[in-house]
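Okay, so here's the structure we're looking at.
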Amino acid sequence: MIDKLLFILICLIYPIVHSVKEVDIIAGNRFTSNNYGSQISSHANNLTVNVKTRGVSINKDGFYIAFRDQGACISLLYVKIFYRLCQDISVGLIHFPETPTGSHLTDIVERYGICTMNSKTIQQPIGFCKGNGEWTFQETSLHDSCNCQQGYEQLIDNNYKNNSLLSRAICKVCPIGTYKSTASNFDRCQLCPLNSHAYDKGSTLCICNDGFFRLNSSIYSTPCIGSPSQPENVTIDEIDQSSVRISWKQLNDHVYHIECIHFVPCESFIIYEPRRTFINESSVKISGLDDHTNYKIKLYAEQISTHLFSKSVDLSFTTKTPISQQIHDVRIQRITFDTIVITWLSDDFVQYQIRYWPLIDANKKMLITLSTNNFTLYEDPTKAVRDFARELDPNLIVIESVIGGGEFGDVCRGTLRTSSTTKEIPVAIKTLKQGATEKTRLDFLSEASIMGQFDNENVIYLEGVVTKHHPIMIVTEYMENGSLDAYLRTNEGKQCLDASQLTRMLCGIASGMKYLSEMKYVHRDLAARNILVNKDLICKVADFGLSRETDADDGYTTKGGKIPIRWTAIEAIDYRKFTSASDVWSFGVLCWEVVSFGERPYWNWSNQDVIKTIKNSFRLPPPMNCPDVIYRLMLACWNEHYLERPKFDDIVQMLIQYIQLPNLLVPLAKQR
């Protein structure tokens, strides 16, 4: 029966098969008829059976198999046809699916793996299926191809078994109360730092608890720090018709800021002693108040190490009502080396109060704010300098080194010895070179006449001038860190210049410009190069009309002179209309300079390209890592309609809010 069957099979396929290849000859073993039948099917494993396995290379889409019997008494028990493959396998965080082997035993099939759930592909994982059905891998491909996502950590799966010595891993979600901010296989889920929480599984960061803040918002492993406590033991010690003294308990690592409110913020001519902000003492005296007037004072504490502000302590008071009568016939009756006798006409007053103080510097200036517009125009800046700047004795000035230079002469570092003491203070000294023309001399002195009218912690302070000797000098306070643009470029990437610190610097500049705008002064050239930075990173507005060296492409010459196009508002370019609103536009560009760490606005564009694109409503894009609220402030400053731009007073209030609530600086601006 079998002989005939084999013969029929060969006859059926022979016309179809063009070529037949003999693979092997199979010889049969002996077995008796008694164990034939059911034993073959149910006890075949106990029989002596000749089994042969042969591999055949397949080069076409299909094939035929035939058996030829040459007349022997033989039984074909079973035929098993199969192909080899590499089984699906998971190695580390990579899964390789089932893969057929190549046509030949020596063939190697390359197969791409798939990163497992909750992991991300770093580079394409590759495995190799060998002809014998075994996998082989490159060690670097296994370790460097897939990483667990943020919020997941890698764990070895001990429940998974494969034929390889390599183990499978899984990405396990970080439990509640932990976080993992990196996409890495080496980092583990960490407990939330102090004063922070993670309420969800798979958290990538821990959020600070209410009332706590993280100093560097980009470093999630740092603990959250609470705001400083409010100033303690705040009292009003002295009060009269025009002044008040406020005291408090001074704490280490704290400075204090005071805000005076009289329906609106107090007038700019009010005097704060020793100063209004960054007070490192335990009291402040406020003078220049109106009599019989209600005032409100807000006192803030700032922690120096964290730059965080406390909630304010609010005080209200009313200045005293002055006595309607005056003291008459006041005379100096007698003066000796240690005594002075003063007399006056007695009246019905209960008591008299005498205040006296030493006149330390006869040249000390006094600022007077007038209620009427009786301004004086000076044709000769020399006379204006005499009125607004004190003349210094050149013997008290020591020039130590040259730190810069310009069109007028050298800029030097030196010291100034006060006339009443032997104390020396560091100063910057601008000198006028020998042989300067009369016009150059007048231009040089014009800046001193302007600076001499200003007295604000965010405006460069004029110590005095030397005009009666040569060389002519302008002496100002010394700013250790130089110009803001150079400082930013030098210190880019340093941790001290995080978003909060940059915002504090911008707030100082805006405060100085607020003061100048209230003094009806328009700067016209507000840029990072004209801001100076001291050792405490306090920024001060400088350069009031003094000619300077700029890049050749930074100016655009019009009939009215040369203006810095990249920092200048549209209306100032077209109509030379310079106002406080055009200074606000320049402040927006300055903000862009600060956040970009001194990058040049509009890069290498020509001035004509800058003008054209601005008029077509183009605005500078947000720099890298720019807080969204800061970029929105820039766009507000660049409003095409100058009346709709924010005032410097508004800008100061916004920046103070960002400083007090640093979480507002975390969301970054998106490219538009």
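The values are calculated or read from the model by the stated rules, or taken from the named source; none is laboratory data. None of these values were measured; they are calculated from a predicted model. Glycine gets a Cβ as well: all are built from the backbone with ideal geometry, and neighbour counts include every protein chain shown.
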ask   = Assuming V234 fulfils every condition listed in (1) part of a loop (DSSP other than H, G, I, E, B); (2) touching a residue at least 24 places away in the same chain (Cβ under 8 Å) apart from one, which condition is it?
value = (1)
task = For E259, state whether it is part of a strand (DSSP E or B), out of contact with any Cys (no Cβ under 9 Å at 6 or more places or on another chain) and not basic (K, R).
result = no
task = Please work out which residue is farthest from the chain's Cα centre (by Cα), limiting yourself to the range 518-548 and to residues that are buried (at least 21 other Cβ atoms within 10 Å of the Cβ), more than 16 Å from Y461 (Cα to Cα) and small (G, A, S).
result = A527
task = Name the single residue, out of those in the range 115-165 being under 30 Å from H104 (Cβ atoms), surrounded by fewer than 14 Cβ atoms within 10 Å (Cβ to Cβ) and out of contact with any helix residue (DSSP H, G or I) (no Cβ under 9 Å at 6 or more places or on another chain), that is modelled with the highest pLDDT.
result = T136
message = For the range 382-412: of the residues being charged (D, E, K, R) and under 15 Å from T431 (Cα atoms), which is modelled with the highest pLDDT?
response = E400
inquiry  = Cβ contacts < 7 Å: first residue without any contact (Cβ under 8 Å) to a residue 60 or more places away in the chain, restricted to the range 582-599; second residue among the charged types (D, E, K, R), any location; separation 6+ or different chain. Result?
reply    = E599/E593
Count of residues meeting criterion [outside any strand (DSSP E or B), under 30 Å from S57 (Cβ atoms) and of a type in the set (D, E, K, R)] in the range 96-147 = 3
message = Condition first: buried (at least 20 other Cβ atoms within 10 Å of the Cβ) and acidic (D, E). Now tell me which residues in the range 452-476 satisfy that.
response = E463
query = In the range 81-104, what residues are at pLDDT below 85 and either more than 16 Å from G131 (Cα to Cα) or more than 60 Å from the chain's Cα centre (by Cα) (or both)?
reply = I81, F82, Y83, H104
query = Has the range 552-572 got at least one residue that is more than 21 Å from T490 (Cβ to Cβ), modelled with pLDDT of 90 or more and more than 29 Å from the chain's Cα centre (by Cα)?
reply = yes
task = Any residue in the range 61-80 that's surrounded by 11 or more Cβ atoms within 10 Å (Cβ to Cβ): show its pairings with residues that are of a type outside the set (V, I, T) and not in a loop (DSSP other than H, G, I, E, B) at Cβ separation under 6 Å, as long as the two are six or more apart or on different chains.
result = A66/L9; F67/L6; D69/D3; D69/L6
message = Can you list residue pairs whose Cβ atoms sit under 6 Å apart, with the first residue in the range 455-482 being within 25 Å of E518 (Cα to Cα) and of a type in the set (A, V, I, L, M, F, W, C) and the second being surrounded by fewer than 20 Cβ atoms within 10 Å (Cβ to Cβ) and modelled with pLDDT under 95? Count only pairs 6 or more apart in sequence or on different chains.
response = M479/N534
task = Being of a type in the set (G, A, S) and assigned to a loop (DSSP other than H, G, I, E, B) is the filter here, so list the residues in the range 440-481 that pass it.
result = G452
request  = Within the range 605-619, identify whether any single residue is part of a loop (DSSP other than H, G, I, E, B) and surrounded by 19 or more Cβ atoms within 10 Å (Cβ to Cβ), and answer yes or no.
outcome  = no
note = Restricting attention to the range 629-653, the residues that are of a type outside the set (G, A, S), part of a helix (DSSP H, G or I) and under 30 Å from D574 (Cα atoms) number exactly 16
task = Please find, within the range 420-439, the residue that is surrounded by the fewest Cβ atoms within 10 Å (Cβ to Cβ) out of those that are in a strand (DSSP E or B) and not acidic (D, E).
result = I425
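Rundown of residues vs (1) closer than 20 Å to L661 by Cβ; (2) hydroxyl-bearing (S, T, Y); (3) surrounded by 15 or more Cβ atoms within 10 Å (Cβ to Cβ), yes/no style:
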| position | (1), (2), (3) |
| --- | --- |
| I176 | no, no, no |
| C189 | no, no, yes |
| C208 | yes, no, yes |
| F213 | yes, no, yes |
